[in-house]
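The values are calculated or read from the model by the stated rules, or taken from the named source; none is laboratory data. Just so we're clear, the structure is a prediction, and the values are computed from it rather than from any experiment. A quick note on method: Cβ atoms are made from the backbone with ideal geometry, for glycine too, and the neighbour counts reach across all protein chains shown.
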Amino acid sequence: MAYSQEKLVEEKVFKDPVHRYVHVRDRVIWDLIGTKEFQRLRRVKQLGTTYLTFHGAEHSRFNHSLGVYEIIRRIIDDVFDGRPEWNSEQRLLSLCAALLHDLGHGPFSHSFEKVFDLDHEAFTQKIILGDTQVNAVLTKVSKDFPKMVAEVIAKTSPNKLVISLISSQIDADRMDYLQRDAYFTGVSYGHFDMERILRVMRPKEDQVVIKQSGMHAVEDYIMSRYQMYWQVYFHPVTRSAEVILTKILHRAKHLYKKGYQFSYEPIHFYSVFDENITLHDYLKLDEAVILYYFQMWEEEEDAILRDLCIRFMDRNLFKYVEFDPAKEYKKLSELSTLFTKAGLDPEYYLVVDSSSDLPYDFYRPGEEEERLPIQLLMKNGEVRELSRESQIVDAISGKRRTDHKLYFPADLLKDDSSKKNIKKQIRNLLDL
Amino acid sequence: MLKDHAKIMQAFAAAGEIVGRKKLQKMIYIAKKVDFPFQERFQFHFYGPYSEELTLRVEELCNMGFLNEVKEKKGGYMQYRYSLTDEGMEFLNMNLVELPALEDCLTDMNSQNARFLELVSTVLFFDELEVEEVKEKIFTLKSKQKYTEEEIQQAYEYIESLKGKVVPV
């Protein structure tokens, strides 16, 4: 029997708090889960620093990847199978792409990528196409199979229907992370009737469409996305932790470039700092490694690196005030000068954080074809864009809410043992 | 601080009014690919490289009153026009970003149509592939646009002309 068709003698099941069970019957999927690159995802948290705000948010990219796989498996096996628009030969491709879609995520994904100008999607491609255990498994299916999987994940595959299952404005990725993140953070947002949505999904030409009768379930899903963004993903305390994390990484790189002698050499970071990181080096980095260095740097001679690491490890985060760049950018300039006079480098201790720093994809009706919209399949066979039918979605995808906050170490500003008058001026400007 | 916002505003100051969100996305992507230091990350979507970060940043600039957005109906869809406001110009004057040759490149791109810029950005997205593979990608992924071999050749020539204008920072 061809490897691609091989089934396990007994179905394997993973207990899962969101989907109850994740079912694996395909040998290829079982083998992929066992690779070292996939197992590495256990050591990368799904929500980065969110656990510092919601203590339950310790779940990993591993949990989420299995969840996305399970959703796709259910769509294909329970809904699409046997429909004339669905080509059953795409089943294994879809399952593999779903399982591996986040393979390239690094430690503390977004902050790490931003500081070092890395792209997890590019690393996903490299892991799938490079000299890895994942590549060896996929190549056993066929020589071209790794490339086919990589193209689906990169959204450059000619098979747009499979892409839209895994990555579109209503896809398995979002449906899993919304529910999983809601479960582990313990918030009451993020819940919607996924079973209903799966039942009304239909393959149509090159995208998945939703039967009109399922519109209200989709409205609920769009509302969940909106609420989870503002209540969980963009929580100001989590953003404070991200600000400090980002500044630690910037400081460490800055010191390295200046030739600073670290008490504890950050050998795992050298190729990242030198901007020539290899796939081998990248796969060695996980959150356990990063946190190990942060703990060591709590005793560094450099006062800024030491202070930021202690803050992060002890959760002594920056405080914040609302900031209106349009009205207050002159005040920001004044504050920056005062921070310098107070002996606090504003590059590290006075930080504006904006909603665009954590990109979240609000639902876009695709007015200028910038994103493919969610399409409803009407009873007469026509397709209509969701916000044209749903007043709720129309309202939510109208004028966007944006947000800016100014972060700073309130404890240092309240410490009057030095530069008392300057700190008082700062406190007045910040209304502390 | 707000440097990334200032860079996008600098792009509007250089290009003047930009008509169409798709065109704006492609202009910034192309500028980034020819080495201008824009920070927004792009992914390939159905219509080519797209950045949610850029979309959000533009929305923030509109909400701040630094960018003016005019929405108008064109045929069956909405079209958006963007230009820098006086307040935006004042902010930019206080937060100048040095981007040599940006004006030259963006003015040139702004004079091209969105269809051609979509092609140029797609060629750049696949710049690690051989020319023949890039053509295959374009004919497959952009089949509805019906690009010709000549247009693809023009896109390559255009990219070279833009690279020639960029001054290393």
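Of the residues making up the range A:141-184, those that are over 18 Å from the mean Cα position of the chain (by Cα), part of a helix (DSSP H, G or I) and more than 14 Å from chain B (Cβ to nearest Cβ) number 4. Every listed requirement among (1) surrounded by fewer than 22 Cβ atoms within 10 Å (Cβ to Cβ); (2) out of contact with any Cys (no Cβ under 8 Å at 6 or more places or on another chain) is met by B:Arg21 save one, (1). Annotation for the range A:406-413: at least one member residue is closer than 30 Å to A:Asp307 by Cβ, crowded, with 21+ Cβ neighbours inside 10 Å and either among the small types (Gly, Ala, Ser) or touching an Asp or Glu at 6+ places or on another chain (Cβ under 7 Å) (or both).
Screening A:Tyr51 against (1) within 30 Å of A:Thr238 (Cβ to Cβ); (2) touching a helix residue (DSSP H, G or I) at 6+ places or on another chain (Cβ under 7 Å) leaves a single unmet condition, (2). Does B:Lys32 meet the test of being of a type outside the set (Val, Ile, Thr), at the interface with chain A (Cβ under 10 Å from one of its Cβ atoms), without any contact (Cβ under 8 Å) to a residue 40 or more places away in the chain and touching a Phe, Trp or Tyr at 6+ places or on another chain (Cβ under 6 Å)? No; evaluated as a whole, the condition is false for this residue.
In the range A:393-402, the residue that is farthest from A:Pro365 (Cα to Cα) out of those that are surrounded by fewer than 18 Cβ atoms within 10 Å (Cβ to Cβ) and either of a type outside the set (Asp, Glu) or in the same structural domain as A:Leu308 (by TED's automatic domain parsing) (or both) is A:Thr402. The condition (being farther than 16 Å from B:Arg81 by Cα and in a loop (DSSP other than H, G, I, E, B)) is satisfied by just one residue among B:Glu53, B:Glu40: B:Glu40.
Elements of the type helices (runs of 4 or more DSSP H) sitting completely within the range A:314-402 and holding at least 1 residues that are over 21 Å from B:Leu61 (Cα atoms), over 22 Å from the mean Cα position of the chain (by Cα) and away from chain B (no Cβ under 14 Å): these cover A:325-341, A:386-389, A:391-396. Say whether the condition of being over 23 Å from A:Leu178 (Cα atoms) and of a type outside the set (Asp, Glu) is met by at least one residue in the range A:353-375. No, the range A:353-375 has no match at all. Counting only residues that are out of contact with any Phe, Trp or Tyr (no Cβ under 8 Å at 6 or more places or on another chain) and not in a loop (DSSP other than H, G, I, E, B), which one in the range A:97-115 is farthest from A:Val152 (Cα to Cα)? For the range A:97-115, the residue satisfying everything is A:Val115. The set of residues in the range B:22-50 that are over 10 Å from the mean Cα position of the chain (by Cα), under 18 Å from A:Tyr363 (Cα atoms) and of a type in the set (S, T, N, Q) contains only B:Gln43.
Every listed requirement among (1) exposed (fewer than 11 other Cβ atoms within 10 Å of the Cβ); (2) more than 15 Å from B:Val34 (Cα to Cα); (3) within 14 Å of chain A (Cβ to nearest Cβ) is met by B:Thr140 save one, (1). Going residue by residue through the range A:77-92, is there one that turns out to be out of contact with any strand residue (DSSP E or B) (no Cβ under 9 Å at 6 or more places or on another chain), surrounded by 24 or more Cβ atoms within 10 Å (Cβ to Cβ) and not β-branched (Val, Ile, Thr)? There is no residue in the range A:77-92 that is out of contact with any strand residue (DSSP E or B) (no Cβ under 9 Å at 6 or more places or on another chain), surrounded by 24 or more Cβ atoms within 10 Å (Cβ to Cβ) and not β-branched (Val, Ile, Thr).
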